[in-house]
1. Cα-based Rg (one decimal) and Dmax (whole number) for segment 6-61, in Å?
2. What shape does segment 1-107 have by the C-alpha gyration tensor, where a ≥ b ≥ c are the square roots of the eigenvalues, rounded means a/c under 1.5, and otherwise prolate means a/b greater than b/c and oblate the rest?
3. If I model a spin label as a point 7 Å beyond the Cα along the Cα-Cβ vector, how far apart are those points for SER53 and TYR169 in nm?
4. Non-local amide H neighbours of ALA149 (under 5 Å, H modeled in plane, Pro and chain starts lacking H): which ones?
5. Give, in nm to one decimal, the length gained when the segment between PHE43 and LEU12 is fully stretched (0.36 nm per residue of separation minus the Cα-Cα distance).
6. Which trypsin sites (Lys or Arg not before Pro) in segment 5-37 pass both tests, a DSSP loop state and at most 10 other beta-carbon atoms within 10 Å?
Amino acid sequence: MTHLTIVHYLVLMILSIIFIISVAYTLKEKSPKVMLMLIFTSFIVLSMLAGFSMMALDKYTKKVKITGLKNRRILNNETIVYQGYVTNVGDYTIGSVEYKIKIVNMGHALGRLKGSTIFTPSSFMDFIGTSDAKKSQRAQKIEKSFIIAQDLEPGKRRSFMITMPFPPYFKQVSDYKYIYAH
């Protein structure tokens, strides 16, 4: 669950006042159809504005930092483990911190993969789902999202550990990490 800050409440209050003022002006309209259409339109526009402003405020008021990130590959069960610390460097409590990791096999960039590994010619039967070609194709990227912290107070730090699969055919990899505070 996301925690609303005082800034969120202030924006919601301003948008509510604008809605009340717009409804008061539209009540002066003589035609009930036009009046309802104007009220509905102002409600939709202000609701969209509220949604976009909540997302923008979340982005700029909730800040986290990842420190001490280490990864190691465990060969006996073909996984990779990421561990580190997440710190709330903002001034407000964070409801949840989501960490998204994408691992991409970069062997094709170095010329180590065959063309059939990346592209396999398909037929009409692939659309139906009866072909065995899809089963034999190897994934060249793995993407996972994890919740690494919840209810993180300002200035607090928590440790996390993430385990995800790491295929044995990945030769040289690049990993991309994204963090989202809600």
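1. Just the Cα atoms of segment 6-61 yield Rg and Dmax of 13.5, 44 Å.
2. On the way: a/c = 5.72, a/b = 2.68, b/c = 2.13.
Prolate shape, in that a/c is at least 1.5 and a/b is the bigger ratio.
3. 5.2 nm
4. VAL97
5. Values: separation 31, 0.36 × 31 = 11.16 nm, distance 1.30 nm.
Extra length available between PHE43 and LEU12 comes to 9.9 nm.
6. Values: sites: LYS28, LYS30, LYS33; in loops: LYS28, LYS30.
Passing sites in segment 5-37 are LYS28, LYS30.
Just so you know, all these numbers are worked out from the coordinates, no wet-lab data involved. Keep in mind the model is a prediction, meaning the values are calculated, not measured. All Cβ positions, glycine included, derive from the backbone under ideal geometry; neighbour counts span all protein chains shown.
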